[in-house]
Amino acid sequence: MTASLELTIETLDAQGYGLAATEAGVPVRVWGATIGDRVEVEIVHRSPHRWVGRLIAVLASRNRQPEPCPHRPSCGGCAQWEATDERLAQWRQGSLEEALPWLQTRCLPSPGRGPWRTRSKWQVERRDGAIQLTVPLPRSQHGLPIPECPITPPATRLRLEALTRQLRAEPLASVHAVILTEGAQAGDYAAFGIGLVSASPLPAQRPPAGSSGDAVAWLQQPVRSPQLFRGTSSHYSGPLAVGIPHDGGWLPTPPFAFVQAHPAGREQLLNAALDAVKHLQPGLAVDLGSGTGFFARALAKRGWKVEAVESSPHVAAAWSQPVERVQFVASRAQDYRWPASVDLAIVDPPRSGMDRAWSEPLVAAQPKLIITIHCGRAAAQRDLAGLKETNYSIRSATWIDLFPGSHHGELLSVWERT
């Protein structure tokens, strides 16, 4: 049997694990511990560069939340739920300064924990006729059933209870994952969206899914992984989109389309972008990676003419109705033909960041102002260092805590042509 070690967590790594030093000089990653904790761990993995420790006991530091989550650390989510918002903010500021020492970043206050997760993914586990909806664990095909997760809103829990019963219907027997989006009912928009991921084609018979009036879509995907939603989804029942409160109006969001999960964090992100352009006279803007129009629609309301560029097939229903001063362009970044003159470019690439297909045409188009949004620290480090070497200078950088209790967030940077 492997002997246990007593260690002190000194910092966090890029994935939100606690890191402790050993006498052997090899760092130990510990899930479920935060900075300052004195922990007892069992080493479950060894490599020349890093060990992994399973938490046995912890003497909590003052950096920890006073009320622990009963599902941590086994759930695999909220990578630093243990830490207080203040301690997480300090670590985040330090890690940004380490990764981007030339960038002065303003970190906005956390919008709060609570039941904020209005978009969530769940696996469907079927055993002996029983159905359990589970949260997918990192790097695992198996999930953890946590119906009382403290970040899950009550409306989502009700839909989960209904789906647990409804997925027993024979036409839904091949559904292996669902995605839920909570919004508000408004006009032709639903209050809730349900995406059903199935190994089979759309069935001819369509039993109920969720509550009456929910926007429900079907996606055939043989691979059992709710992290992947590739291909074109089909309308199953109800309205085409969910109504997401947005800029005093509504952001139509089909069930498989992405939207930031924290409502207050969404508002912080939008306000940070709008604040960055308020000194500009409205002109032509390009929103590259626009999704359903999170930034494009708000800019159009303020007099901008916007080209919203997005390649995901899941957003098509959001653009079924024309939007004044917005032209939706269903195109990949590498295929988009930039206008001859651009005043503003908003670039929201995937987590992996901008490759040359994004960055080279962007800089060649010479917009007066560039706003970038990054959700991956390594991608931001690479992309922003590249922009720094062009004829653009950094004006401001803002970090928004869109995933309270975790190490994740969004970095919004503003660049001006010199």
Taking the range 46-58 and keeping only residues that are farther than 11 Å from Val30 by Cα, assigned to a strand (DSSP E or B) and not hydrophobic (A, V, I, L, M, F, W, C), one is left with Arg46
So which residues in the range 65-74 are over 24 Å from the mean Cα position of the chain (by Cα) and under 21 Å from Arg92 (Cβ atoms)? Pro66
Applying the selection to the range 124-153, what residues are outside any loop (DSSP other than H, G, I, E, B), at pLDDT below 90, within 25 Å of Arg113 (Cα to Cα) and over 18 Å from the mean Cα position of the chain (by Cα)? Thr134, Gly143, Leu144
Restricting attention to the range 37-60, which residues are of a type in the set (Gly, Ala, Ser), more than 28 Å from the chain's Cα centre (by Cα) and modelled with pLDDT of 90 or more? Ser47, Ala57
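Tell me which residues, restricted to the range 1-21, are in contact with a Leu (Cβ under 7 Å, 6 or more places away or on another chain) and surrounded by fewer than 21 Cβ atoms within 10 Å (Cβ to Cβ).
As a first pass, look at the range 1-21 and keep what is in contact with a Leu (Cβ under 7 Å, 6 or more places away or on another chain): 9-13, 18-20.
Once the filter is applied, which keeps residues that are in contact with a Leu (Cβ under 7 Å, 6 or more places away or on another chain) and surrounded by fewer than 21 Cβ atoms within 10 Å (Cβ to Cβ), the range 1-21 yields Glu10, Thr11, Asp13, Leu19.
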Hits in the range 59-70 - residues which are open to solvent by 40 Å² or more (accessible area, probe 1.4 Å), among the hydrophobic types (A, V, I, L, M, F, W, C) and either assigned to a loop (DSSP other than H, G, I, E, B) or touching a Cys at 6+ places or on another chain (Cβ under 8 Å) (or both): Ala60
Among (1) closer than 25 Å to Gly405 by Cβ; (2) open to solvent by 50 Å² or more (accessible area, probe 1.4 Å); (3) in a strand (DSSP E or B) - the single one Val39 does not satisfy: (2)
Those residues of the range 188-206 which are among the hydrophobic types (A, V, I, L, M, F, W, C) and open to solvent by 10 Å² or more (accessible area, probe 1.4 Å) amount to Ala191, Ala199, Leu202, Ala204
Restricted to the range 167-184, and to residues that are under 18 Å from Gln260 (Cα atoms) and open to solvent by 10 Å² or more (accessible area, probe 1.4 Å), which residue is modelled with the lowest pLDDT? Ala184
Inside the range 365-382, can you point out the residues that are open to solvent by 10 Å² or more (accessible area, probe 1.4 Å) and at pLDDT 95 or above? Ala365, Gln366, Lys368
Does Leu274 fit the bill of being surrounded by fewer than 23 Cβ atoms within 10 Å (Cβ to Cβ), in a loop (DSSP other than H, G, I, E, B) and either touching a Lys or Arg at 6+ places or on another chain (Cβ under 8 Å) or in contact (Cβ under 8 Å) with a residue 40 or more places away in the chain (or both)? no
Restricted to the range 238-250 and to residues being touching a residue at least 60 places away in the same chain (Cβ under 8 Å) and under 26 Å from Pro109 (Cβ atoms), the residue nearest to the chain's Cα centre (by Cα) is Ile244
Considering (1) in contact (Cβ under 8 Å) with a residue 12 or more places away in the chain; (2) surrounded by fewer than 20 Cβ atoms within 10 Å (Cβ to Cβ), say which one Pro322 fails and leave the rest. (1)
Which numbered condition trips up Gly112, out of (1) outside any strand (DSSP E or B); (2) of a type outside the set (Asp, Glu); (3) open to solvent by 50 Å² or more (accessible area, probe 1.4 Å)? (3)
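Let's see how each residue does on (1) open to solvent by 20 Å² or more (accessible area, probe 1.4 Å); (2) farther than 25 Å from Ala345 by Cβ:
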position: Ala217; (1), (2): no, yes
position: Gly243; (1), (2): no, yes
position: Pro255; (1), (2): no, yes
position: Leu299; (1), (2): no, no
position: Gly303; (1), (2): yes, no
From Leu280, Leu344, Leu284, residue being of a type outside the set (Val, Ile, Thr), in contact (Cβ under 8 Å) with a residue 40 or more places away in the chain and open to solvent by less than 20 Å² (accessible area, probe 1.4 Å): Leu344
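The values are calculated or read from the model by the stated rules, or taken from the named source; none is laboratory data. Treat the numbers as computed from the prediction; the structure is a model and nothing was measured. Backbone-built Cβ (ideal geometry, glycine too); neighbour counts: all protein chains shown. Ligands, DNA and RNA are excluded from the accessible area calculation, which covers all protein heavy atoms including side chains. Shrake-Rupley method; radii C 1.70, N 1.55, O 1.52, S 1.80 Å.
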